[in-house]
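Bear in mind these aren't lab numbers, they're just calculated from the coordinates by the rules spelled out. Model, not experiment: these values are computed from the prediction. Glycine also receives a Cβ, built like all others from the backbone with ideal geometry; neighbour counts cover every protein chain displayed.
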Amino acid sequence: MKKSIQLNNQHFDLHFSGAVYWPEEQMLLISDVHLGKISHFRKYGSAVPNSAITENFDRLNNVIAQFQPKSICFLGDLFHSSLNLEWDLFQSWMQTITAKVVLVAGNHDIISHLKYEELGVKVLSELQIGTFLLTHHPEEREGFFNFCGHLHPGFKLRGLGRQQLNLRCFYINEQQLIFPAFGEFTGNYWINPKEGDRIFAITKKEVILVY
Amino acid sequence: MNRNELFTLAENWFAKQNWKAFAFQKQTWTAYLQGKHGLLNAPTGSGKTYALWVPIVLDYIKNNPDYKTKHKKGLKAIWITPLRALSVEIAQSATRFAEEMGTSLTVGIRTGDTSQKERAAQKRQMPDLLITTPESLQLLLASKNYDKTFKDLNAIVIDEWHELLGTKRGVQVELGLSRLKTISKNLKIWGISATIGNLQQAREVLLGPNSEAFNNSELIRAKLNKKISVKSIIPKKMEKFPWRGHLGLHLIDEVVPIIKASKTTLLFTNTRSQCELWFQKLLNKYPEFAGEMAMHHGSINKETRLWVEQAIRDETLKAVVCTSSLDLGVDFAPVETIIQIGGPKGVARFIQRAGRSGHQPGKESVIHFLPTHAIELIEAAALQKAVKETVVEDRIPYLQSFDVLVQYLTTLAVSNGFFPANIYREIKSTFCFQELTEDQWKWVLNFITKGSQSLQAYDEYKKVEIEENGKFKVNDRGVAMRHRLQIGTIVSDAVLTVKYMKGGYIGSIEEWFISKLKPGDVFTFAGRNLELVRIKNMQVIVKTSKQKTSRVPSWQGGRMAFSAQMSELLREEMYEAAASMELPSSSVRSSELKALRPIFKRQIRESIIPKSEEFLIETFKTREGYHAIFYPFEGRFVHEALGSLLAYRISLLTPISFTLAFNDYGFELLSDQEIDMEQVLDNDLFSFDFLMDDLYKSLNASEMARRKFRDIAVIAGLVFTGFPNKLIKTKHLQSNSQLLFSVFKDHEPENLLFLQAYRETFEHQLEEGRLRLSLERIAKQQIIWKQCEKPTPFSFPIITDRLREKLSSEKLEDRIRRMLKQLEK
């Protein structure tokens, strides 16, 4: 279900949904949800099934129910594009949330910060907590360990008999933990890990160290 | 003027050219002037253009007695051709006849290559004859007041109908015709087709089953007996002949004397990459050909292609390396010799290619077959027989292509808008949608207006709107524009333009190839070594490179399968080969089989050559894992299905994961665990029971439907691919169809487009009917299982295939763990 790891003497639970829970801070970290993507496509005449829209919220609710965090930090690309009716869904969803919500804005987050602040969501360009630097784009900064998203990392696991599995994953190197995309209907960037890196693949129910 | 007088006019013109009209031409003239529709079965270069253009002009003369002094303007005839390359040729012939007959009839071309300026001019005043492609016809239907444009249309000719029949472009044509039948009064519909197995059906598809047009139509066959002689190029030393491979470059020296001995030679290759390689290697090895040799394939720019075609006609070229891009139409009288490199995969195609040579009536066509690997020599022998007996394939028409229907309805909504009740009747009259139910029709209408079957509160779906009077109409300019751009992209792969840094268009290339390259990498394209500088806005910017080694793009269209007829001939040849091994070498007559003897001996040392009552299975172990090879000799599509089926059934017995490889001879199941063959045989895994059910389940895993869905998503407008040459930023709308397929699978599995992907897999990819027949055959055969020490000559081309399917019955998590464990070892 989840995998616990330690980074800079802090604990982190990697969840199969792609979220990470940080018990010391009671904070839930989630990246690249891309809300509104399906509505965006539909608005432009591409009939992606609209029942998939609620899926993202269902999954958010499940993971929140499991960890009961005090705060939730989205690492960017919460919304895929400009305002659409999915914002209303987000608005009503926010009313059900008791945790504090922070958004570290990503390249897709073009909706006005004022709109977020109306809902009580704080929008930041980055967030520093102790020795941890939370951003959307991967960054390298002296003295900090970076949590980020943006890439939508995936891993191709190869085996005997020419077998290959394509898996979504958490990618951890010396100074970064790159999150998988949490959202439904998002693509992948295939990671080529270096010696010493770690890759945790996520399936529909487990987190497995594969590299 | 009566018919005789009209005929005399035409025949006088023929006499002036020192020609004599063929019987089939006159038959077609008669039928046309009687107001009939029909299908003309005539090969390329037989004078088919004049069979139909002549009566169209004569009809005009008849209705306009003062045709020499007065010109009645407006579109009168449309000529549809599947390849734009053919349009020039047709325009030239048509213009010549129209002018010399003293009419002022004008001829125009409208394809993707036509300039914006010319299109605009055509919009103001259509030519009398418009030569165009199926896509451009759809685009005309997408423009406002198209009904006025087509009002006085008298004739529509669908050239090379056999090429369109088994494709979705054929469905586009069917739908377009259904509309034209209503809006153009007195329309006569004619098709021209090369010989295929199902000509009668081809006519039915063209004209509509039981339609008025069909009941008033004729099938006219040009009986031109053409002699074809097939010669195999047999390597002198079999020992060095490779067991696998598909390029055939080792026989390059054997090809040169043939080129030298002939005026013009066409070398047909199966893929564009093979074409590029052959061209380069020939030039490197025989620099004296420089300037006398050219290359022709679909990704090269239009100017170069047209130049090559003209040079063939002018007899200034000694050899042209080409792909199927030169299969159709264009009449090249000077071509004397054809060389087919590698198996042509189908008899009809092979005969058609042979027909590209010796075009003058009475001349013999010569085609040389160059096998690219040893086993292909058997194919050579089979082809000789096929040509002798003219066994040709059917082209299977598409049924219920909802993607094309969605596209077509949106097209009508973009231009004039439509009322469903009228259009439903027209659509039901086509072959493709004759079984369309009211429910399906409602589904499609809901899909284009609501984007789903039920209206949701928070939905912003926007495409086709229903106006107050009930008219279905697209009013959003963005939707209309994207739709028009998308109409042409019925071919699936995203295509990028290749350009020099300093400007200058070289051609187009598939995105998936380019995406594997980094700036600085060198690749071969259009016969040149090019260095990738950058990719920007759907453009690949390159500069010339002096580097010798380079990567050659492989285009995905290249993988074709054996037809049923070809497979049968191949099996017979194989059985003959088995029998011949029991004879002394001196009494084997076929030179191909004689040449193959050393390889057959190797095969027999490890395994057997199956006889007609035998079904061969080979197993062995290599570093890669445990191999099991099965040899049904049924063509790659059937093998793909059989392979998936068997893999699935084995996986029911025990948790196991496979990769599948297949070619036209057999298929392989490769696993990291040993396959219990005893168990396979004991459990009768080739049984018919639950065939469809098992196939469905096996395919779920093997992803064939997912691939089919790609085209469907593009055609139905679910995925917007953008358009080459148009710098429109569409990144925020690009999604990949793979992702989309998964979303449909999880959220809308009853979607007709999603289901269509499966149906197409069964009907067109797997050829379900053939699969049943082969299972029947296998049931009667004795299974021979050989446990081999090492790979056999027969297995070699299969096990080295890199393109593989997957199938697994293990839980994902278990599989990951096991793979990791094995990697640790």
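Nearest 10 degrees, 0 to 90: what angle lies between the long axis of helix B:438-450 and the longest principal axis of chain B (Cα atoms)? On a 0 to 90 degree scale, this one is about 80. Counting Cβ atoms of other protein chains within 10 Å of each residue's Cβ and taking the mean over peptide A:30-42 gives 2. DSSP bridge analysis restricted to the protein assembly as shown gives an antiparallel fraction near 45%, rounded to the nearest 5.
The angle between the Cα long axis of helix B:302-313 and the longest principal axis of the Cα atoms of chain B comes to about 90 degrees, rounded to the nearest 10.
What translational D, rounded to a whole number of µm²/s, comes out for region A:106-211 from Stokes-Einstein when the hydrodynamic radius is the Kirkwood one over Cα pairs, at 10 °C and 1.306 mPa s? Roughly 103 µm²/s, to the nearest whole number. Candidate cross-link partners of residue B:237 among the lysines, defined by an alpha-carbon separation under 23 Å and a same-chain spacing of 8 or more, comprise B:260, B:281, B:285, B:594, B:601.
Rg ratio for the protein assembly as shown: its Cα radius of gyration over 2.2 N^0.38 Å, N being its residue count, equals 1.02. Our helix-only sum for the protein assembly as shown, with -39,500 (n - 2.57) per DSSP H run of n ≥ 4 divided by its residues, gives a mean residue ellipticity at 222 nm of -11000 deg cm²/dmol. Put in line by how crowded their Cβ is, counting other Cβ atoms within 10 Å and starting with the fewest, B:87, B:136, B:229 read B:229, B:136, B:87. Each Lys and Arg Cβ is given +1 and each Asp and Glu Cβ -1; about its Cα centre, the protein assembly as shown then shows a dipole of about 3180 debye.
Averaged over peptide B:459-468, the number of partner chain Cβ atoms lying within 10 Å of each residue's Cβ comes to 4. What shape does region B:3-221 take by its C-alpha gyration tensor, where a ≥ b ≥ c are the square roots of the eigenvalues and a/c under 1.5 counts as rounded, a/b above b/c as prolate, and the rest as oblate? Since a/c stays below 1.5, the shape of region B:3-221 is classed as rounded.
The modelled label-to-label distance between residue A:112 and residue A:4, using points 7 Å beyond Cα along the C-beta direction, is 4.6 nm. Taking region B:402-487 as the region of interest, the number of lysine pairs whose Cα atoms are within less than 14 Å, with members eight or more places apart or on different chains, is 8. Counting only alpha carbon atoms, the long axis of helix B:737-747 and the longest principal axis of chain B meet at about 80°. Where both bridge residues fall in region B:1-145, DSSP classifies roughly 0% of the beta bridges as antiparallel. In terms of the mean number of neighbouring beta-carbon atoms within 10 Å, the peptides B:762-770, B:417-425 order highest first as B:762-770, B:417-425. Applying 1/(1 + (r/R0)^6) with R0 = 30 Å to the Cβ-Cβ distance of residue A:194 and residue B:739 gives a FRET efficiency near 0.60.
Does region B:294-440 classify as rounded, prolate or oblate by the C-alpha gyration tensor (a ≥ b ≥ c root eigenvalues; a/c under 1.5 gives rounded; else a/b over b/c gives prolate, otherwise oblate)? Prolate, because a/c is 1.5 or more and a/b exceeds b/c. In straight-distance terms, cross-link reach from residue A:70 covers every one of the lysines whose alpha-carbon lies under 21 Å from its own, apart from those fewer than eight places away in the same chain; here that gives A:2, A:3, A:100, A:122. The phi torsions of region A:154-163, fed into the Karplus equation with coefficients 6.51, -1.76 and 1.60 and a -60° offset, translate into couplings of x, 9, 9, 8, 10, x, 5, x, 6, 7 Hz, rounded to whole numbers, with Gly and Pro shown as x. Residues whose amide H comes within less than 5 Å of that of residue B:191, counting only those at least five positions distant or on another chain, are B:38, B:39, B:40, B:158 (H built at 1.01 Å from N in the peptide plane).
Backbone amide hydrogens, once placed in the peptide plane, bring residue A:35 within less than 5 Å of A:79, A:80, excluding anything fewer than 5 places away on its chain.
Distance from the Cα centre of region B:385-425 to that of region A:105-140, in angstrom? Between the Cα centres of region B:385-425 and region A:105-140 lies a distance of 51 Å.
With the cut-off at 30 Å, tell me which of the pairs B:72/B:181; B:26/B:76; A:43/B:188; B:223/B:708 have Cα atoms farther apart than that. Check vs 30 Å cut-off fails for A:43/B:188; B:223/B:708.
Across region B:264-281, coupling constants 3J(HN,Hα) worked out from phi with the 6.51/-1.76/1.60 Karplus curve, θ = phi - 60°, read 10, 10, 9, 9, 8, 10, 8, 9, 5, 5, 4, 4, 4, 5, 4, 4, 5, 5 Hz, and Gly and Pro carry x.
Peptide A:204-211 shows a mean partner chain C-beta count of 3 within 10 Å per residue C-beta.
Phi angles of region B:21-35 translate, via the Karplus equation with coefficients 6.51, -1.76, 1.60 and θ = phi - 60°, into HN-Hα couplings of 5, 6, 4, 5, 5, 5, 4, 5, 4, 4, 4, 5, 5, 7, x Hz per residue; Gly and Pro are given as x.
Taking 20 Å as the straight-line reach from the Cα of residue B:227, the aspartates and glutamates in range (excluding those fewer than 8 positions away in the same chain) are B:327, B:331, B:336, B:364, B:389, B:393.
For the pair residue B:790 and residue A:124, label points projected 7 Å from Cα toward Cβ lie 6.5 nm apart. Classify chain A as rounded, prolate or oblate, taking a ≥ b ≥ c as the square roots of the eigenvalues of its Cα gyration tensor: rounded when a/c is under 1.5, otherwise prolate if a/b is larger than b/c and oblate if not. Note, shape of chain A comes out oblate.
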